[in-house]
Amino acid sequence: MSTDDNFIFGVGPIQEHFSRLGWEFYVFRKSEVDTRGTSRHGLKYYASWGSSIGGEQWIDDLVSSEKAERISNDNLFQSFAFPASEIREILRNGPPRHNGPPVIGDNYFMPSRWIGDSKIDWDGLHALDPNEIMLVDMVDQS
């Protein structure tokens, strides 16, 4: 395994990571990503969480309502941009809830509407200018 294989899309070290049907989300300041190119390695993320199937609906709704812009899409890795005020409102009560089905994998089970592994830097999010453009990376875990 090379050193790069120990990171999820350059976000950070893999810790007990396994393949599952669902998504992982990472929230960054877009200005920091713009100066680094495509690598996210070493960047501070303001929030991260995992979800089962259906956990992507909140961001699809934001794009449909033109509150977010999809800036990249290769199916397994998608990025979206929107203001810090929007992500603060979305995360106000924790990661967005969804109505996804239960998932039974080869060696795991995820109950319906599963959300987990959430980390939110509230102090960092509230310190941001409300108009600061944030980037949400959505990583397919299948």
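Nothing in this text is a laboratory measurement; each read-out follows from the coordinates by a stated rule. The structure displayed is predicted, hence computed values, not measured ones. As a convention, Cβ positions derive from the backbone with ideal geometry for all residues, glycine included, and neighbour counts pool all protein chains shown.
Ordered by the number of other Cβ atoms lying within 10 Å of each residue's own Cβ, fewest first, 58, 122 fall into the sequence 122, 58. The distance between label points at residue 65 and residue 104 comes to 3.6 nm (points 7 Å beyond Cα on the Cα→Cβ vector). Here residue 127 and residue 41 are evaluated by their C-beta separation; at R0 = 30 Å the FRET efficiency comes out at 0.85.
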